[in-house]
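For reference, the structure discussed in these notes is given below.
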Amino acid sequence: MKKGLYILFISILFVSCSEFQKTLKSDDTAAKFEMATELYDAGKYKKSFRLADQILQQYRGKPQAEKLTYIHAMCSYHLGDYYIASYHLGKFTDIYPQSEKAEEASFLAAKGYYFNSPVYSKEQKETVEAIEKLQLFINEYPNSPYLPEANTLVKELDFKLEKKSFEIAKQYGLISDYKASIKSFNNFLLEFPGASLRGEAFYYRFEAAYNLAILSVNYLKEERLKEALGYYEALKKGYPNSEHLEEATVLKEQLQQELNTFTTKS
């Protein structure tokens, strides 16, 4: 019984593949359109795309063009080819702005850019582009059911930019370039006023200022000690419950002791 069902399944699969190949090689655009639609509905996106791609130009300006253009773009999306999908979905919304599928296509075009965003440690050109595309969608469709997801994606992408900027500033401290670290953290705090890593940035900025002051030559030391103490006060005031505050306070006492030597001399 099982053997018979297996043979039947293989036979159906063979016939199905044969029909696809036959249609793919034929000149019958109507048959290709029909099969492309059927295959898309069945979730066979690779085959559907091959057929749709063959006849897309031939249907330009015809009533079926809207559906075929949508299928062609969505196949790329489902196949994970997001660069191509975003391009074609964007074209779909440009050509058919009144389509009932326009809102969905616009969102998925923007979401495709999200998928192309790399990890935070790499160049973030695609991340910036994804944020711009999603924000355009949010502005154009403020009442869209896709809005919560779009906002979530923007928040995730924003954090990626935040994380990259934070890690660059922190890295300067690790390689003992304390002046660059302080400057980078100051820029970070200006660029990301609502950053989730803001408290961490306040601490590591103070730590960099501490190291810069302690290691400074004598004629620069007093000024840098005062500057570092100012960064400590900013940390304490802004983040009184910081997990780093106890450690920071120990460093602050060392700074104060060093500064007292200048007061004593004067």
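No lab work stands behind these numbers, since they all come straight from the coordinates. It should be emphasised that the depicted structure is a prediction, and the values quoted were computed from it without experimental measurement. Cβ atoms come from the backbone with ideal geometry, glycine included; neighbour counts cover every protein chain shown.
Within the P(r) computed for segment 25-108, what percentage of the Cα pairs occupies the region above 22 Å?
Percentage above 22 Å: 18.
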| remark: Around C75 (Cβ within 12 Å, Cβ-to-Cβ, excluding C75; K/R +1, D/E -1) the net charge comes to +1
| request: Pop out the ³J(HN,Hα) list for segment 95-112 in order, Karplus 6.51 cos²θ - 1.76 cosθ + 1.60 with θ = phi - 60°, rounded to Hz; leave Gly and Pro as x. | output: 7, 10, x, 8, 5, 5, 9, 4, 5, 4, 4, 5, 5, 5, 4, 5, 5, x
| request: Give the Cα extents of segment 136-266 along the principal axes, in whole Å, largest first. | output: 69, 27, 20
| note | Helix 198-214 sits off the longest principal axis of the Cα atoms of the chain, rounded to the nearest 10 on a 0 to 90 degree scale, by 40 degrees
| How many percent of Cα pairs in the chain exceed 36 Å? | 46 percent
| When we measure straight from the Cα of K236, which lysines land under 18 angstrom away, once same-chain ones fewer than 8 places off are left out? | K226, K252
| note | Relative contact order of the chain (C-alpha contacts under 8 Å, at least 6 apart) in percent is 8 percent
| remark: In segment 130-191, lysine pairs 8 or more places apart or on different chains with C-alpha atoms under 18 Å apart total 9
| request: Would you work out the charge dipole size for the chain about its Cα centre, treating the Cβ of every Lys and Arg as +1 and the Cβ of every Asp and Glu as -1, and quote it to the nearest 20 debye? | output: 660 debye
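How charged is the neighbourhood of S242? Take every other residue with its Cβ under 10 Å from the Cβ of S242, and add Lys/Arg as +1 and Asp/Glu as -1.
Neighbourhood net charge equals -3.
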| note | If unit charges are put on Cβ atoms (+1 for Lys and Arg, -1 for Asp and Glu) and the dipole of segment 114-250 is taken about its Cα centre, the option from P145, S121, L225 lying farthest towards the positive end turns out to be L225
| message | I'd like the orientation of helix 29-41 relative to the chain: the angle between its Cα long axis and the longest Cα principal axis, in ° from 0 to 90, rounded to 10. | response | 50 degrees
| said: Cross-link candidates for K47: which lysines have Cα within less than 24 Å, leaving aside residues fewer than 8 places away along the same chain? | reply: K22, K25, K32, K62, K67, K91, K101, K111
